[in-house]
Amino acid sequence: MSQIATGASSVVVERLVKRFGAFTAVNDVSFTVHSGEIMGFLGPNGAGKSTIIRMLCGLLRPTSGRALVAGFDVAREPEAVREHIGYMSQKFSLYNDLTVIENLRFFGGMYGVEGRAFATRSAWALEMAGLLGRESTLTAELASGWKQRLALGCAVLHRPPVLFLDEPTSGVDPLARRAFWELIQQMAASGVTVFVSTHYMDEAEYCHRLALIDRGQLVGLGAPAELKTHALRGELLDLDCEPLGLAIEVIREAPGVLDAAVFGSTLHVVVADGNAALQELPPYLRARGVTLSRIRRIYPSLEDVFVQQLSGRLAEKRATP
């Protein structure tokens, strides 16, 4: 196996494509990730996030394109790739009928971590997971947050330079999620490259960069602040009005409105000209039976960016003959 030098780049993806028969799950995706970087994957269910991760883990062979992970080609050297990564799935993947230490010993054996190396690494994993003194506890008896921390410890026993986390905090309570992310940030600070897919927008803020994936394509790439500043086409207004159903229906037809979506009990509306909209939308809505109690400019959130990116692509798809 020949390792390919990539310098500071831990993962290099060039025009990656994956087809299943006539269905294209991943379509011409390219990006580069550096050592110590946390890269977040955002996208709806079925967008292609997990398919990309599985290709990068050497579990799926790309239809075309090229990807290097830790310096190894995922198509030509999948075994070498798997030796140099850690992987944690969205579903708890350890053995509930084994104790904490037995799970660590099992995964240590799979990765070839034995003897003194295992003693050192398992002690670190137990401390990291907050499970010191609970080595003999059945894994089934652990709360979900502790199970995920144990799973993370098992995934990194062999000190991999690249770590893949596929929706790792799904079903975990907010406090446990925050503690889990503190561990991820510590690993990144030590030089580990972390890929994480998530549906939680607050978690996405912790990433150094985000890749927005939709229908197998990369539709946005950048730091969270960069995406919020540049990816939203227009200015964002928050409208407190009722009834919401009527409001969302009529405001999408208003002049100067580029997009609109319900956010909780209010509307977030993207407009071409904020000053004009602040003057023109109140009488427009009142004339159509909508009661408006507040309208104001707001700073876009990642959710605003995400919703507009997807709704814009849906509109383009509907307009295509």
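Overview of values
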read-out: Unmet requirement for H158, which otherwise passes all of (1) part of a loop (DSSP other than H, G, I, E, B); (2) under 21 Å from the mean Cα position of the chain (by Cα); value: (2)
read-out: Considering residues of region 162-179 that are modelled with pLDDT under 85 and either within 17 Å of L94 (Cα to Cα) or among the polar types (S, T, N, Q) (or both) only, the residue nearest to the chain's Cα centre (by Cα); value: E167
read-out: From the options E102, E114, residue that is touching a Phe, Trp or Tyr at 6+ places or on another chain (Cβ under 9 Å), in the same structural domain as G58 (by TED's automatic domain parsing) and not polar (S, T, N, Q); value: E102
read-out: Residue pairs meeting the criteria (Cβ under 7 Å; at least 6 apart or on separate chains; first under 16 Å from L68 (Cα atoms), in region 1-29; second outside any strand (DSSP E or B) and at pLDDT below 90); value: V12/T6
read-out: Verdict on E203 being in contact (Cβ under 8 Å) with a residue 60 or more places away in the chain, in contact with a helix residue (DSSP H, G or I) (Cβ under 6 Å, 6 or more places away or on another chain) and charged (D, E, K, R); value: no
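Let's see how each residue does on (1) assigned by TED's automatic domain parsing to the domain that holds V156; (2) at pLDDT 90 or above:
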residue	(1), (2)
T193	yes, yes
V196	yes, yes
D202	yes, no
C207	yes, yes
A211	yes, yes
G216	yes, yes
L227	no, no
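Residue-wise test of (1) surrounded by fewer than 16 Cβ atoms within 10 Å (Cβ to Cβ); (2) out of contact with any helix residue (DSSP H, G or I) (no Cβ under 6 Å at 6 or more places or on another chain); (3) assigned to a loop (DSSP other than H, G, I, E, B); (4) among the hydroxyl-bearing types (S, T, Y).
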position	(1), (2), (3), (4)
S10	no, yes, no, yes
E14	yes, yes, no, no
G36	no, no, yes, no
S50	no, yes, no, yes
M55	no, yes, no, no
L59	yes, yes, yes, no
E79	yes, yes, no, no
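The values are calculated or read from the model by the stated rules, or taken from the named source; none is laboratory data. Quick caveat, the model's predicted, so the values are computed rather than measured. Cβ coordinates were reconstructed from backbone atoms using ideal geometry, including for glycine residues, and neighbour counts include every protein chain displayed.
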